[in-house]
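The values are calculated or read from the model by the stated rules, or taken from the named source; none is laboratory data. A quick note: this is a predicted structure, and the numbers were derived from the prediction, not measured. Cβ atoms come from the backbone with ideal geometry, glycine included; neighbour counts cover every protein chain shown.
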Amino acid sequence: MSNNPSFVLQAVERVEFEERPIPDIRDTEVLVEVKKTGICGSDVHYLVHGRIGDFIVEKPMVLGHESSGIVYKVGNKVKHLQPGDRVAMEPGATCRVCEDCKRGRYELCPDIVFAATPPYDGTLCRYYPIPGDLCYKLPDNLTLEDGAMMEPLSVGTHSVANIGNLKAQENIVVFGAGPVGLLCMAVAKALGARRIIAVDILSSRLEFAKSYAATDVYLPPKPNEGESKIQYSERNAKTMQEQLGIELRGRSAIDLVVDASGAEASIQTGILIARHGGRYVQVGMGAPNVTLPITTALVKELAIKGSFRYGPDDYALAIALAAAGKIDLKPLITHRFKFEEAKEAFQANRVGKGADGKAVIKAVISGPDVSPEDH
Ligand SMILES: [Zn+2]
Ligand SMILES: [Zn+2]
C-alpha cells in the first residue's frame, strides 16, 4: 500500500479499499499519519443503514473517527506541534465564528466538519488533515491505542463531568454498559463518585462493569405480559430501589442519572429513580421518540439535559484522567485488526463478538503498515 489507502463506504453494505491522493493542508492544519482507530456504533450504523437521522450517505465516504496518530507535516501557523509528535485527534472541526462556537458550546456548531459524518470523510486512511488545535499531544505514559480511546472517553467526560456536573461523593446510575456507558462509569470513578450503579439487560456486561468501574450492578426483570411500558418502568424502578437501597432523598439518593442505552424503559426508569432536585443526562442514541413520566420530573425539579459528542475541555480532561492513572483504557480494547482486516473488524463489531468468540467491547484497526501488536 503506497499512497493514501483509505477504507471507504461506497453504499449500504458495501465497503472497499481505495487509493486516494495525499491531502493538502492549510496553514492552520497538520497532516497526521493515522495509527489507531476504534470502531464506533455510528460507523457500523452507516455501513448497515446508510444514514443516522438526517445524516445520509449520498457519496462514497471514508469511515472512522476515533483515531490517534503521528504528526507527519505541520502548517505554517501551527506552533505547538512538530513532525513525530504522537497525538489524539478530535474529529470535529468547527467554524469558530457562529453563535454556538462563540458561546463555548462548539459541539452545537451547525457547520461542524465531523469525520465520517456525511458528507465528510473519516480517519480510516493513512493521511488525515486536521486543524492543529484539535491534535492533543499524548503524554509519554499513554499509548497510541489510549489516544484513539480519547474520542469515546471524551463522550464520557462531556456527559458526566461537563453536562452532568458530577461531584465527588455523589451517586450515579448509568444505564447501558456498552463502551460509552463503561467510559461514563470510569469518569465517575475518576471524579470520586461514591456509588456507581451499572444497569444492563446482559449479565455478562454487568460482570465486566463491576470488574471495571461500577460499585454496584442491577439486572432489570423481564416485562410481564400485558404490562404497559410505563407500568414496567415503575415496577423496575421500585425493584431497583429495594434491591439497592436507593431513596429519593438523602445520602442514598441518586444525584445523577446517565442514560447510555437509548432504551425507553431505561429512560423512564432513570427519571423515576433520580433524586428530588437531581440531574438526568441523555447520551445514548436510541428510540427517537419516547414517553416520559414528565410530572415526576416536574415535581422533582429534575434537570434533564442532552449530551452530544464533546466540547471545550472534554478531550483535555479525558487525557488528564488517563495520564494520571485514574482511568485504565486497556481492558476495553478486546479486539485488534490490521488495516487490511477492516472488513473483519466491522463484522466483529456488528455481531458483537470476534472470531475468537469473545464479546467485543472496543475493536481497534491499525493504520496501513502498522502492526496490531504495536500499541
Ligand atoms: Zn464514536
Ligand atoms: Zn460554529
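Here are the numbers for this structure:
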quantity	calculated
Region 127-147: number of residues that are more than 13 Å from D328 (Cα to Cα) and either surrounded by 24 or more Cβ atoms within 10 Å (Cβ to Cβ) or away from ligand 2 (no atom under 16 Å from the Cβ) (or both)	12
Residues satisfying the stated conditions in region 48-90, i.e. β-branched (V, I, T), away from ligand 1 (no atom under 16 Å from the Cβ) and surrounded by fewer than 17 Cβ atoms within 10 Å (Cβ to Cβ)	I56
Within region 91-126, considering residues that are part of a strand (DSSP E or B) and surrounded by fewer than 20 Cβ atoms within 10 Å (Cβ to Cβ), the one farthest from ligand 1 (Cβ to nearest atom)	V113
Residue under evaluation T117, criteria (1) more than 16 Å from ligand 2 (Cβ to nearest atom); (2) outside the structural domain of A188 (by TED's automatic domain parsing), criterion not met	(1)
All positions within region 278-287 that are in contact with a Leu (Cβ under 8 Å, 6 or more places away or on another chain) and either surrounded by fewer than 24 Cβ atoms within 10 Å (Cβ to Cβ) or closer than 21 Å to Q243 by Cβ (or both)	G278, R279, Y280
Where G286 falls short, out of the listed (1) within 30 Å of R96 (Cα to Cα); (2) assigned to a strand (DSSP E or B)	(2)
Residue pairs meeting the criteria (Cβ under 9 Å; at least 6 apart or on separate chains; first within 19 Å of E242 (Cβ to Cβ), in region 197-221; second surrounded by fewer than 18 Cβ atoms within 10 Å (Cβ to Cβ) and β-branched (V, I, T))	I197/T215; A198/T215; Y218/T239; L219/I201; P220/I201; P220/T239; P221/T239
Among the candidates V97, V180, V174, V74, residue that is in the same structural domain as R20 (by TED's automatic domain parsing), modelled with pLDDT of 95 or more, among the β-branched types (V, I, T) and more than 16 Å from ligand 2 (Cβ to nearest atom)	V74
Test for V34: is it more than 30 Å from G262 (Cα to Cα), within 16 Å of ligand 1 (Cβ to nearest atom) and assigned by TED's automatic domain parsing to the domain that holds P83	yes
Hits in region 165-185 - residues which are away from ligand 1 (no atom under 16 Å from the Cβ) and within 15 Å of the chain's Cα centre (by Cα)	V174, F175, A177, M185
Any pair with Cβ under 9 angstrom, 6 or more apart, that starts in region 38-61 at a residue that is more than 18 Å from G286 (Cβ to Cβ) and assigned by TED's automatic domain parsing to the domain that holds Q10 and ends at one that is surrounded by 17 or more Cβ atoms within 10 Å (Cβ to Cβ) and among the basic types (K, R)	G38/K362; I39/K362
Residue list for region 32-60, restricted to those being touching a strand residue (DSSP E or B) at 6+ places or on another chain (Cβ under 6 Å) and among the acidic types (D, E)	E33
